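Engineer: My questions will all concern the structure given below.
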Amino acid sequence: MSEKLTKVGFTNLSKVLYPAVKATKARVVEYYIKIAPKLLPALADRPLVLTRFPEGVEKEGFYEKNAPQGTPEWVRTFTRYSETAKRSIHYIMCNDLDTLLWLANLAALEIHVTLSSAEDAFLKPDLVLFDIDPKPPATFDDVIEVALQLKLELDALGLKSFAKTSGKKGLHVVIPIVPRYTFLETRTFAREIGRKLEKQLPVVTSEFSRQPRPGVVFMDYLQNSHGKTMACPYSLRATPQATVSTPLEWSQLKKGLKPEDFNMFSVVLIKEDPWEGFSDIKQKLEVNQK
Amino acid sequence: MGRFLRHQTKTGGEPKIANEKTVRVPKRPIWTGTITIGLVNVPVKLYRMIFERGFSFRFLHEQDGQPLKYQKVCTKDNLVVPWEDTVRGYEVSKNEFIVFTKEELEAAKPESDRKIRLNKFVDFYSIDPIYFETTYILAPDKNPEAYTLLLKALEKTEKAAAGTITLRTKEYPAIVQAHKGVLILNTLRYGYELADPSKLDELKKLKEPSKDELDLAAKIVGDLSGEFNIDEYEDAYKQKIEDLIEKKLKGETIVVEKPEVKEEAKELMAALKQTLEQLKKK
């Protein structure tokens, strides 16, 4: 690489990582290059958790919380002592294109972010996440119905919310907030809303039970906890079709929408960014408001 | 790829896999003799303790897969010279040799009187590890009571015994110490076998770091401090070769990984340029 456009030296570019759609690591790197202008703002200053698939999505991948051996010195990390793991975790942060390309070269297909920023704000979430997940035979159409009802509720509270496909079966609805509440508070908020929806739509269940009934749409408020992560907007997922966790306009959420249509190949063709300005919005959350 | 497998099964019977995790047990002593400390004699057998486990490959003839051997060839006429016709030469200057016959060298060999002479008891940790060369196991021979007595005495006093041993043609400084309930012997290097680092130009003008830098470095050292555990280390090359051997034994074809595919990298660079421009505009 004579021109030195990046500090990253790519390796094994011809390795097939998504066999079903015949996508090599070169295609993965290319995807992340092209999506970077939209993806980087969503990653900024957030500790990351990676899911790496060096042998492709049909072989087992592994989670990586800790910056791996051989992490270049120019990659920023955020070190925090984990009470549960009883050791310091050196989270990777991705604030620039080089780091993103380095991640892509590691076959870190899935990039997950914490719901809070690094440093002092780590215990104060700046996102509330509604993770809406169908239990078959419930379908994506059911998920859309729940999400639209959720939007009505949030609108009524004056809260601007953003929707994206999870990249798998469900949807994520996210509210950007000022980082001044605790996870207990955001969790309580998500739980209250979940309960409300439970009453309005029989298909919804918001309580975690050991085996969610089949056919329900599960709203997991527990995702709003310290240390939990969500797939970053525009992160690839380790699915056969190389799906992407894709930000959507609310107006796009209509019955018949297929989450697998949003993949490595199609998402880069979308011009607009439905989540534009997302990272600049900081809303107040009035937890006790009904 | 994998096409010489037939030779392996032909000569070896059960194919050997180098993937042994446990450390080897030495089969026979490489030396037997006596430890002498003053008037005390302790008969011992010396076993290898160090087994370097890198990989040794045999050279084969590519066409027929047969092993190759080395021969001594005269540099003048390229004829193979048999062992009986060889003498040793010490090169005093370029292409000028002083000749020694085998008999002369044999006569000059140090008298290997099969003695480990120990004459001083020292604090083991006072010895700079840089002098340590290799380690042998000392096992009792004939008079195990004397062996146990020396072992227990060293354990009790927490001392190591220093002296000399002659192995083949070389006399070594040696340290005998108690280690996990047995006696072991370390041969040491002579002081003159070490380079003097202070003579290196790069090391003559080292600047003092600032206090802040030093504090930060010390903090990192603190953060990363822990117990040393040798089992945390693995030879990645060895592991890789072992995996390849197993694959080849199963008849799989090995695809050599290329570090970088030129064409593909070029394509990516075009996309990268675009993105960099886009990011600049923001």
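The values are calculated or read from the model by the stated rules, or taken from the named source; none is laboratory data. As the structure is a prediction and not an experimental result, all values here were calculated from the model. Methodologically, a virtual Cβ is constructed for each residue, glycine included, from the backbone with ideal geometry; neighbour enumeration extends over all protein chains shown. Please note that ligands, DNA and RNA were not included when accessible areas were found on the heavy atoms of the full protein model with its side chains. Shrake-Rupley method; radii C 1.70, N 1.55, O 1.52, S 1.80 Å.
Engineer: Would you pick out the residues in the stretch A:1-20 that are open to solvent by less than 10 Å² (accessible area, probe 1.4 Å), within 12 Å of chain B (Cβ to nearest Cβ) and over 18 Å from A:Pro72 (Cβ atoms)?
Structural biologist: Once the filter is applied, which keeps residues that are open to solvent by less than 10 Å² (accessible area, probe 1.4 Å), within 12 Å of chain B (Cβ to nearest Cβ) and over 18 Å from A:Pro72 (Cβ atoms), the stretch A:1-20 yields only A:Leu13.
One line per residue, one yes/no per condition, for (1) of a type in the set (Lys, Arg); (2) within 30 Å of B:Ala153 (Cβ to Cβ); (3) within 35 Å of the chain's Cα centre (by Cα); (4) at pLDDT 85 or above:
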| position | (1), (2), (3), (4) |
| --- | --- |
| B:Lys180 | yes, yes, yes, yes |
| B:Glu263 | no, no, no, no |
| B:Met269 | no, no, no, yes |
| B:Leu279 | no, no, no, yes |
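Engineer: Of the numbered conditions (1) at pLDDT below 90; (2) touching an Asp or Glu at 6+ places or on another chain (Cβ under 8 Å), B:Asp243 satisfies every one except a single condition; which is it?
Structural biologist: Of the numbered conditions (1) at pLDDT below 90; (2) touching an Asp or Glu at 6+ places or on another chain (Cβ under 8 Å), the odd one out for B:Asp243 is (2).
Engineer: Further question: Condition first: charged (D, E, K, R) and within 14 Å of chain B (Cβ to nearest Cβ). Now tell me which residues in the stretch A:73-95 satisfy that.
Structural biologist: Selection gives A:Glu73, A:Arg80, A:Lys86, A:Arg87.
Engineer: Looking at the stretch A:236-262 only, could you name the residues that are of a type outside the set (Lys, Arg), assigned to a loop (DSSP other than H, G, I, E, B) and under 19 Å from A:Lys59 (Cα atoms)?
Structural biologist: Listed by number, the residues that qualify are A:Ala238, A:Thr239, A:Pro240, A:Gln241, A:Ala242.
Engineer: Name the pairs whose Cβ atoms lie under 8 Å apart, with the first residue in the stretch A:180-191 and open to solvent by less than 50 Å² (accessible area, probe 1.4 Å) and part of a helix (DSSP H, G or I), the second among the β-branched types (Val, Ile, Thr) and at pLDDT 90 or above, and 6 or more positions between them or separate chains?
Structural biologist: Within 8 Å, the pairs are A:Thr186/A:Val128; A:Thr186/A:Ile177; A:Phe189/A:Val128; A:Ala190/A:Val128.
Engineer: Could you list all residues from the stretch A:143-179 that are within 15 Å of A:Glu249 (Cα to Cα) and in a loop (DSSP other than H, G, I, E, B)?
Structural biologist: Across the stretch A:143-179, the qualifying residues are A:Lys160, A:Ser161, A:Ser166.
Engineer: For the structure I just gave you, tell me whether A:Ala104 is touching a residue at least 24 places away in the same chain (Cβ under 8 Å), under 26 Å from A:Pro240 (Cβ atoms) and either open to solvent by less than 10 Å² (accessible area, probe 1.4 Å) or touching a His at 6+ places or on another chain (Cβ under 8 Å) (or both).
Structural biologist: Yes: the conditions hold for A:Ala104.
Engineer: Those residues that are surrounded by 10 or more Cβ atoms within 10 Å (Cβ to Cβ), assigned to a strand (DSSP E or B) and among the hydrophobic types (A, V, I, L, M, F, W, C), I need them from the stretch B:81-134; list them, please.
Structural biologist: B:Phe97, B:Phe100, B:Ile116, B:Leu118, B:Phe121, B:Val122, B:Phe132, listed by residue number.
Engineer: Name the single residue, out of those in the stretch A:123-142 being open to solvent by 10 Å² or more (accessible area, probe 1.4 Å) and among the hydrophobic types (A, V, I, L, M, F, W, C), that is farthest from A:Met219 (Cα to Cα).
Structural biologist: My answer is A:Leu123.
Engineer: For the stretch A:21-40, does any single residue satisfy the condition of being open to solvent by 50 Å² or more (accessible area, probe 1.4 Å), touching a residue at least 60 places away in the same chain (Cβ under 8 Å), within 24 Å of A:Val113 (Cβ to Cβ) and within 10 Å of chain B (Cβ to nearest Cβ)?
Structural biologist: Among the residues of the stretch A:21-40, at least one is open to solvent by 50 Å² or more (accessible area, probe 1.4 Å), touching a residue at least 60 places away in the same chain (Cβ under 8 Å), within 24 Å of A:Val113 (Cβ to Cβ) and within 10 Å of chain B (Cβ to nearest Cβ), which makes the answer yes.
Engineer: Taking the stretch B:135-144, which residues are open to solvent by 40 Å² or more (accessible area, probe 1.4 Å) and assigned to a strand (DSSP E or B)?
Structural biologist: B:Ile137, B:Pro140
Engineer: Here's another thing I want to ask about it. Based on this model, can you work out whether A:Pro214 counts as touching a residue at least 60 places away in the same chain (Cβ under 8 Å), outside the structural domain of A:Leu17 (by TED's automatic domain parsing), touching a Pro at 6+ places or on another chain (Cβ under 9 Å) and within 26 Å of A:Lys282 (Cβ to Cβ)? Reasoning before the result, please.
Structural biologist: On the way: touching a residue at least 60 places away in the same chain (Cβ under 8 Å): yes; outside the structural domain of A:Leu17 (by TED's automatic domain parsing): yes; touching a Pro at 6+ places or on another chain (Cβ under 9 Å): yes; within 26 Å of A:Lys282 (Cβ to Cβ): no.
It is false that A:Pro214 is touching a residue at least 60 places away in the same chain (Cβ under 8 Å), outside the structural domain of A:Leu17 (by TED's automatic domain parsing), touching a Pro at 6+ places or on another chain (Cβ under 9 Å) and within 26 Å of A:Lys282 (Cβ to Cβ).
Engineer: Still on this structure, please answer the following. Take the residues in the stretch A:43-72 that are in contact (Cβ under 8 Å) with a residue 60 or more places away in the chain and within 14 Å of chain B (Cβ to nearest Cβ), then tell me which one is surrounded by the fewest Cβ atoms within 10 Å (Cβ to Cβ).
Structural biologist: Selected residue: A:Ala44.
Engineer: For B:Thr275, work out the one condition from (1) closer than 30 Å to B:Pro26 by Cα; (2) modelled with pLDDT of 85 or more it doesn't fulfil.
Structural biologist: Answer for B:Thr275: the failing condition is (1).
Engineer: Another one. From the list A:Leu152, A:Leu148, A:Leu157, which one is over 25 Å from A:Ser82 (Cβ atoms) and free of Cβ contacts under 8 Å to residues at least 12 places away in the same chain?
Structural biologist: A:Leu152
Engineer: Let me ask another. Are there any helices (runs of 4 or more DSSP H) wholly within the stretch B:165-282 with 3 or more residues that are more than 14 Å from chain A (Cβ to nearest Cβ) and within 22 Å of B:Phe55 (Cβ to Cβ), and if so which? Break it down into steps so the answer makes sense when it comes.
Structural biologist: Numbers: elements: B:211-223, B:236-249, B:262-281.
Per the criteria, B:236-249.
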